[in-house]
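Note sheet for the following structure.
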Amino acid sequence: MDLKELNMAIKKMPPTKTPSKEIKSLQFDLFGEFHNNDKNKVSNTVEIWERIPKYFPARTLEKLRPEKGQPDPYEWEYIDDKFKYTVVIQPALIKENCSYKAYFPSATEELIEEALKKILSNQQYGIHDPKNAETWVRFSLSMIYRELKDRGCTRSRTEIKHSIEVMNKCNVSFLKNGKETWSGAILQDLITVGREDYLADTDAHHIARLPLFISHAINRLEYRQFNYDRLMSCNSSLARWIYKRLIHRYIQANFMNDYHFMYSDLKSSGLLQQSIEGDNRKKSLAALDELVNKNVLTRYEPKNKLNGRKIEDVKYTLYPSNDFIAEQKAANSRAKENKIKAKNANLKIVDK
């Protein structure tokens, strides 16, 4: 689905109401089915949503906070697939000690989003309304705590509670060629279920609506299976960003065809914002080294593009591991099988 179609769908959406009961849909059933013997290790990724840069590196977060007052919304422009995109992130204002403090989403919020999408794939914790293109996830702070702990990226329940509020109260505006396409929170319509105290009980279930990008991806089967365990084990946000890029774009991974991209492509991640470009290039190499260590790649080869003695760009050629090749084949098989099931059920949206 392209951004024009998505924008039209937003305008047609009816007012949002919290779902009162489970809605049966084949689309959501397929979202929870995987080609893997251990379903605990896999999850889904949605490219159109993942490629929007919305999480900040720790060093950048400190620079955004002025000595006095609150930070302004952060605006980031980048080129991707020859289109100019702009992302405007308005920080969440959270009350602490009788005053408000602004917080931009960071790596902790990124990891919690991944945990919530994994929880969503468990059918008993998700609700998907295909007619209104709405997707809701039920969770508790303790569920997220256990999920993160099991993946080796533990956060305290207090940190998780704070991050959920940041994800609900920040606002992300996404523009293509200067025209706003979407605006909203990472977690929308957050409600504490069956409790009067907002986010007070760590075992209380809450429900939140996920962005429309995810709902439409479920409706149109535009998501990919990937090794969630491996992603969550990566320490670097940039390594996770590159890994997801490979999942969506290096679909026919094998030993006969490599994959390459440019350093300038990595700038669209929003994760290379150090003042010295040499430091950003070192960070890129460190992220690729981590993907080698995590057995996504066997190796990579950087080649500088020079203008005289100045490095103008860098080409990175990547070579996949056996595991990554096998995982991509499984993802391809699952995607093909899902489309066959949808077609047999006469889901017209798949045929468009």
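Taken together, the values in this text are just the output of simple stated rules run on the coordinates, not laboratory data. Note that this is a predicted model, so its numbers are computed, not measured. Ideal geometry is used to build each Cβ from the backbone, glycine not excepted, and the neighbour counts take in all protein chains shown.
For this structure, a couple of remarks:
- Using R0 = 56 Å, the C-beta based FRET efficiency linking ILE325 and CYS98 works out to 0.50.
- Under the combined filter of DSSP loop state and at most 12 neighbouring Cβ atoms within 10 Å, segment 152-234 retains these GluC sites (Glu not before Pro): GLU196.
- This model, with +1 at the C-beta of Lys and Arg and -1 at the C-beta of Asp and Glu, gives the chain a dipole about its Cα centre of some 640 debye.
- Derived scalar couplings ³J(HN,Hα) [segment 156-173; Karplus, 6.51 cos²θ - 1.76 cosθ + 1.60; whole Hz; x for Gly, Pro]: 5, 5, 5, 5, 5, 4, 4, 5, 4, 5, 4, 5, 7, 9, 7, 9, 10, 10
- Taking a ≥ b ≥ c as the square roots of the eigenvalues of the Cα gyration tensor, segment 61-160 is oblate, since a/c reaches 1.5 or more and a/b is not larger than b/c.
- Applied to segment 242-248, the Karplus parametrisation 6.51 cos²θ - 1.76 cosθ + 1.60 on θ = phi - 60° returns per-residue 3J(HN,Hα) values of 5, 4, 5, 4, 5, 4, 8 Hz, with x for Gly and Pro.
- Whole-Hz couplings from phi, Karplus 6.51/-1.76/1.60, listed for segment 126-135; x for Gly and Pro: x, 10, 10, 9, x, 5, 9, 6, 10, 10
- 5 angstrom amide H check on LEU297, placed H, neighbours 5+ away: VAL292, SER321
- GNM top mover of TYR103, TYR228, TYR259 - the chain, alpha-carbon springs below 10 Å: TYR259
- Label-to-label distance for ALA286 and LYS39 is 3.8 nm, based on points extended 7 Å past Cα in the beta-carbon direction.
- Under-5 Å amide H pairs with GLU134, H placed in peptide plane, nonlocal only: ASP129
- Pair ILE191, ASP258: separation of 7 Å Cα→Cβ label points (nm): 5.3
- For TYR259, distant residues with modelled amide H under 5 Å away: LEU318
- Two-site FRET efficiency, SER156 against THR298, from Cβ-Cβ distance with R₀ of 41 Å, rounded to 0.05: 0.65
- GNM result for the chain, Cα springs below 10 Å: residue of ASP289, ASP203, ASP189 fluctuating most strongly: ASP203
- Gaussian network model of the chain, Cα within-10 Å springs - most flexible of MET262, MET232, MET143: MET262
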